[in-house]
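The values are calculated or read from the model by the stated rules, or taken from the named source; none is laboratory data. Predicted model only: the values in this text are computed from it and were never measured. Here the Cβ positions follow ideal geometry from the backbone for every residue, glycine too, while neighbour counts run over all protein chains shown.
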Amino acid sequence: MLLVLLVGKNGCTWTVGSVSVNGVAIPHKKITWEDKARLSEGNSEIYYSAGNEALAAEALQILCAEEKIIQETLGLKPKKFGIVLHGPMVPHEYEPIVSCPPTYTIWAVAMLVRTNGQPALLDDPKMYGTMTHERTEETLTDAVGKNGLYVANPQTRWIGDGLAEYLAYKTCRTLSPATSLRQLKNRRSNLDDMTMQNFNLLIWRSPSRHLLPFTGHADESWAKKELKKLGDQAKFYAQISGYGYAMSLAFWKDFADRHGEDVLKKFVGQLTAQSDLSNKAICGLLETMTAENVYDHCQSINIQKAKDILDRAISEIEKPAQEKAIK
């Protein structure tokens with residue numbers, strides 16, 4: 001059932017604050033949702049200003065499709081989740097902060113502008129990819145452990161962020177292949193400057209620990225060389241975070257391809273009932289289902305193999321498109 005509720009009669013209300021980016025205070029807008037109209041269906045909500053009704057309906061359709069894909073793939077009912085449409089944004093403007101209700105998350109998604117001057121979502125990577133990622137991660141991590149997956153074990157980003165990356169890939173490929181192609185190429189490019197051979201996925205965690213995943217390279221002299229090559233520490237940490245996203249996407253894409261998504265759903269179901277959330281125990285669940293040594297494999301994932309997996313994923317989208325263009 002589709003509900004339409006007018007929450008207010010004015011447009012967006014903005015307040016100016018600031019956030020710290022690398023120690024520098026940056027002006028940041030705060031956007032409210034209480035004064036907007038609302039569309040909702042299932043656990044998906046869209047907040048929008050007058051005049052953007054058609055765009056809000058389009059956005060709700062996308063969120064509902066994402067909600068269905070998450071539930072069908074993981075077997076978990078997605079949490080309540082909303083977006084507030086705003087903008088369009090001006091060049092170099094920071095994304096606004098949304099004041100969220102206490103029980104669920106609302107994200108700000110900027111409208112784009114068509115050549116005729118009308119607002120549009122187009123194939124926006126944030127609408128298709130980022131929203132699926134964040135919703136999957138929230139749903140999954142909240143369903144696991146007494147206080148959440150990351151609280152129980154902060155070294156489980158390969159599951160929370162990793163499965164979220166896989167669901168974002170799947171959603172983009174289903175709803176917008178062009179967006180999926182851009183996202184895959186972006187993740188694949190994250191691996192281009194990696195000079196080491198293996199990546200330890202099981203200790204990917206907060207930025208203060210980002211040096212650790214590199215098997216045999218977690219020493220000060222190596223780190224200094226990397227910092228010098230990349231220019232500054234902030235860029236270094238951002239790049240290594242990109243490695244983690246790309247490597248975990250490759251891991252779960254390969255897992256789903258070889259074992260099927262039914263095994264993926266079974267794993268998530270058992271994970272939500274698991275009391276021991278150490279990586280050893282979590283890998284044990286996968287090992288029981290696949291008869292593979294997942295624990296050892298995750299501690300030393302071959303980077304070239306991950307590149308090959310993402311290259312194949314890119315080809316799976318490009319090849320049909322090229323064949324269709326020839327016909």
Residues within the range 306-316 that are surrounded by fewer than 20 Cβ atoms within 10 Å (Cβ to Cβ) and farther than 12 Å from residue 248 by Cα, tallied: 6
So which residues in the range 268-283 are within 11 Å of residue 294 (Cβ to Cβ) and surrounded by fewer than 15 Cβ atoms within 10 Å (Cβ to Cβ)? 280
Cβ-Cβ under 6 Å, sequence separation 6+ or interchain: first residue in the range 264-290 and among the charged types (D, E, K, R), partner not in a helix (DSSP H, G or I). Which pairs? 265/75
In the range 81-95, is there at least one residue being surrounded by 15 or more Cβ atoms within 10 Å (Cβ to Cβ), at pLDDT below 85, outside any strand (DSSP E or B) and on the phi > 0 side of the Ramachandran plot? yes
Contacts under 9 angstrom Cβ, first residue in the range 57-76 being over 11 Å from residue 167 (Cα atoms) and touching a residue at least 40 places away in the same chain (Cβ under 8 Å), partner basic (Lys, Arg) and crowded, with 20+ Cβ neighbours inside 10 Å, 6 or more apart: 63/135
Can you name the residue in the range 134-167 that is hydroxyl-bearing (Ser, Thr, Tyr) and farther than 16 Å from residue 105 by Cβ and is also surrounded by the most Cβ atoms within 10 Å (Cβ to Cβ) among such residues? 166
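Report, by residue number, each residue of the range 168-197 that is within 13 Å of residue 246 (Cα to Cα) and either touching a strand residue (DSSP E or B) at 6+ places or on another chain (Cβ under 6 Å) or assigned to a helix (DSSP H, G or I) (or both).
Step one: of the range 168-197, the residues within 13 Å of residue 246 (Cα to Cα) are 168-169, 183-194.
Correct list: 168, 169, 183, 184, 185, 186, 187, 188, 189, 190.
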Given (1) within 26 Å of residue 189 (Cα to Cα); (2) over 20 Å from the mean Cα position of the chain (by Cα); (3) touching a residue at least 40 places away in the same chain (Cβ under 8 Å), number of the condition residue 308 does not satisfy: (3)
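Among the strands (runs of 3 or more DSSP E) contained in the range 2-68, which hold 1 or more residues that are at pLDDT 70 or above?
Numbers: elements: 3-6, 14-21, 24-31, 37-41, 44-48.
The qualifying strands (runs of 3 or more DSSP E) are 24-31, 37-41, 44-48.
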